[in-house]
1. Restricting to the stretch 333-357, count the residues that are at negative phi and not in a helix (DSSP H, G or I).
2. If you scan the stretch 60-73, which residues turn out to be out of contact with any helix residue (DSSP H, G or I) (no Cβ under 8 Å at 6 or more places or on another chain) and part of a helix (DSSP H, G or I)?
3. Would you call residue 103 exposed (fewer than 15 other Cβ atoms within 10 Å of the Cβ), more than 16 Å from ligand 2 (Cβ to nearest atom) and farther than 23 Å from residue 263 by Cβ?
4. If I go through the stretch 224-239 residue by residue, how many of them are more than 8 Å from ligand 1 (Cβ to nearest atom) and either in contact with a helix residue (DSSP H, G or I) (Cβ under 6 Å, 6 or more places away or on another chain) or assigned to a loop (DSSP other than H, G, I, E, B) (or both)?
5. Do any strands (runs of 3 or more DSSP E) entirely within the stretch 107-217 hold 2 or more residues that are within 16 Å of ligand 1 (Cβ to nearest atom), and if so, which?
6. Being exposed (fewer than 13 other Cβ atoms within 10 Å of the Cβ) and either assigned to a loop (DSSP other than H, G, I, E, B) or within 16 Å of ligand 1 (Cβ to nearest atom) (or both) is the filter here, so list the residues in the stretch 37-54 that pass it.
7. Kindly indicate whether residue 57 is part of a helix (DSSP H, G or I) and within 23 Å of the chain's Cα centre (by Cα).
8. Applying the selection to the stretch 387-404, what residues are under 28 Å from residue 86 (Cβ atoms) and away from ligand 1 (no atom under 13 Å from the Cβ)?
Ligand SMILES: *Cc1c(COP(=O)(O)O)cnc(C)c1O
Ligand SMILES: [Zn+2]
């Protein structure tokens, strides 16, 4: 990385910090520690953050940008690369709670974002940082939803984009990326192969001026997921939820929801309270869940299989940090197989009116499993995250969901079919 540019100004972010050894670096397009190769994350000037009040936030736009003061990019709306995602519904799910024997259950429905997944949050922050850092081209390796969001954001802002995906992705996710223009590269391999290729491309001269969402601007990208924590707390009346259940691919989102709760508490924006973070994976790709079950700190990479492709990261970069957040808060992690995922999608749909993609099915099925195992307390307030839209993964349930009955357009046919009984 030889590109140098001014770091985004007028934000409370003041450094990049190594999550492994604590070393500090100036803000900029860098993701790994030069000493220990550990991942870098954004550090903030606590005093600069502490000026924020609830009413400042409430007076802000109805999007993630109401929390701009807690994000690592400049405050000028004109400088943003964004589809203005966020402030998605927090739905009280009494009928689902009843089926599961729970007292108070909420679904944070992040399928209600511009490209129908939570990835719009992270991409808005990553690409805004990329532009402020002087990049004119953006790229990413994606399990699908990130591809959709990067291509759409680039289209809105007139940035060049190069999106790399595994060639066997769901058709809806391929179409919903290609339609926005930009270069779409289908790679014969798994997501982990695609990601490795991305890292190699990022080192070449031809890509020197390209911001890779999950490589050189990853610390900025990851911060966008904090808004999933901020919003839930604000929507609950500036209270932290007691238990949250989060789907995991790289594990980044889970760590940032936990970070968000910690920031709100330390800034006095919510009353200090204990929260527990739970994680969900699909059995076809469950390296973090496996490490949790074995009581290990090291996450052993796997080769992903199964229908939950948006979560199919076999070598999860934030796995150890996700394990740490779950263990520190007294949560747990479990995984569910493809049939359970389908059941989860259907259960959520028929009890809440929310049609989730496979990742949402993973979460609902894992919720059931964690309750049965006695790990998650059904009597405590719980928020689960639905991170994507069922229309993107129709094939998962298409064969199981068909019309109840087919009739000729006459009253007689309707009667014969038993519709008047
Ligand atoms: C990417 C993705 C996730 C997981 O994100 P990580 O931060 O990598 O753990 C969860 N749900 C959906 C729908 C996604 O697209
Ligand atoms: Zn380090």
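1. From the stretch 333-357, those at negative phi are 333-352, 354-357; that's our starting set.
From what is left, the residues that are not in a helix (DSSP H, G or I) are 333-337, 354-357.
Going through the stretch 333-357 one residue at a time, the tally reaches 9.
2. Residue satisfying the conditions is 68 alone.
3. Working: exposed (fewer than 15 other Cβ atoms within 10 Å of the Cβ): yes; more than 16 Å from ligand 2 (Cβ to nearest atom): yes; farther than 23 Å from residue 263 by Cβ: yes.
Taking the combined requirement at face value, the residue satisfies it.
4. Within the stretch 224-239, the subset more than 8 Å from ligand 1 (Cβ to nearest atom) is 224, 226-239.
Retained after the next criterion (residues that are either in contact with a helix residue (DSSP H, G or I) (Cβ under 6 Å, 6 or more places away or on another chain) or assigned to a loop (DSSP other than H, G, I, E, B) (or both)): 224, 226-230, 233, 236-239.
Residues that pass the stated criteria total 11.
5. Values: elements: 137-141, 160-166, 183-187, 210-212.
Of the strands (runs of 3 or more DSSP E) lying wholly inside the stretch 107-217, those with at least 2 residues that are within 16 Å of ligand 1 (Cβ to nearest atom) span 137-141, 160-166.
6. Answer for the stretch 37-54, where residues must be exposed (fewer than 13 other Cβ atoms within 10 Å of the Cβ) and either assigned to a loop (DSSP other than H, G, I, E, B) or within 16 Å of ligand 1 (Cβ to nearest atom) (or both): 37, 45, 51.
7. Details: part of a helix (DSSP H, G or I): yes; within 23 Å of the chain's Cα centre (by Cα): yes.
Judged against the criteria, residue 57 is a match.
8. Step one: list which residues in the stretch 387-404 are under 28 Å from residue 86 (Cβ atoms), which gives 387-394, 396-397.
The answer is 394, 397.
Where a number appears in this text, it was derived from the coordinates with a stated rule and is not lab data. Note that the structure is a prediction, hence the values are computed from the model and not measured. Counting neighbours? That spans all protein chains shown, and the Cβs are built from the backbone with ideal geometry, glycine included.
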